[in-house]
1. Suppose R0 equals 25 Å; then what is the FRET efficiency for Arg66 and Phe116 from their Cβ-Cβ distance, rounded to the nearest 0.05?
2. Take Thr193 and Glu156, extend 7 Å from each Cα along the Cα→Cβ direction, and tell me the distance between the two endpoints in nm.
3. How far apart, in nanometres, would the label points at Asn165 and His207 be if each is projected 7 angstrom from Cα along the Cα-to-Cβ direction?
4. Obtain the radius of gyration and the Kirkwood radius of the stretch 74-174 from its C-alpha atoms and give Rg over Rh.
5. If r is the Cβ-Cβ distance from Asp172 to Lys77 and R0 is 45 Å, what FRET efficiency results, to the nearest 0.05?
6. Loop-only check: which GluC sites (Glu not before Pro) in the stretch 124-160 are DSSP coil with at most 13 other Cβ within 10 angstrom?
7. Write out the trypsin sites (Lys or Arg not before Pro) in the stretch 118-199 meeting two conditions: DSSP loop, and at most 10 other Cβ atoms within 10 Å of their Cβ.
8. Out of Leu205, Ile180, Leu192, whose Cα points farthest toward the positive end of the dipole of the stretch 178-228 (charges: +1 Lys, Arg; -1 Asp, Glu; placed on Cβ)?
Amino acid sequence: MRRARPWKSTEDNLVDSNMIKAGVLFNNIVKSMPTPIKSIFKMPGFSKLFSTFGVKYITELSFQTRWAEEFKENKSKVLEYWQRYRYLEEINKICEIQNNTRILDVGCGISTILHFLDGEKYGIDPLADEYQKLYNYPPEINIQKGFGENIPFADEYFDIVFCSNALDHVTDPEKTINEIYRVLKTGGYFVLTVEIFPRKTARNLAHPHSLTKKDIDLLLNNIIQNSI
């Protein structure tokens, strides 16, 4: 029996959306400052101030801005990386991906795996609106703003859901996993890639979680238990 649709808060998403707007505005202001003043904002003492302006999104947007140009010139290398280190060929075989396979990438970023797959392809990311200003996604990839904790699609909509190095970025990993399960068809595939830590450790505001193997086992086992 599949679990009923989990509780979702639009208020949470509104807060995150406002943080994104504040973060983008603040980032643009800082970029326009002279270099000596910019260096002040990189000092450790400003980290708490940054959090007020959505530093999580500032950091990610800053990285993706630099990465967009590199990715345009190195798509073949990214494909090779997926083939050599993330078992892309095996994923294709196991999931039997075809032209009508409906696929979602949660936290897709710019260099989403969707570039290298067949199927009906959708990606969500809190910064999707900003990414589309930086990069022209192929027309067959449908990108829209969305949060892992509140995926904007109907129940059992997707055959496959990817979440690649994004689970440790979200505000609430458990809500995100529950939402992925909700939009995944019965018998569908969930492809998760995430950095595993031997123990809990402080990271940074862009990566609020240091997930251990036990954390991941608990998150996924909860889905298995609720599917029985």
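1. On the way: r = 21 Å, r/R0 = 0.86.
It comes out at approximately 0.70.
2. 3.0
3. Once both label points are built, they end up 0.9 nm from each other.
4. On the way: Rg = 13.3 Å, Rh = 14.1 Å.
Reported Rg/Rh (Cα atoms, Kirkwood Rh): 0.94.
5. 0.85
6. On the way: sites: Glu130, Glu140, Glu149, Glu156; in loops: Glu140, Glu149, Glu156.
Within the stretch 124-160, the qualifying GluC sites (Glu not before Pro) (loop, at most 13 other Cβ atoms within 10 Å) are Glu140.
7. Details: sites: Lys121, Lys133, Lys145, Lys175, Arg182, Lys185, Arg199; in loops: Arg199.
Answer in residue order: Arg199.
8. Selected residue: Leu205.
Computed from the coordinates by the stated procedures, all read-outs in this text should not be read as laboratory data. Please read all numbers here as calculations on a predicted model, not as lab measurements. Using ideal geometry, Cβ is built from the backbone for each residue, glycine included, and neighbour counts are taken over all protein chains shown.
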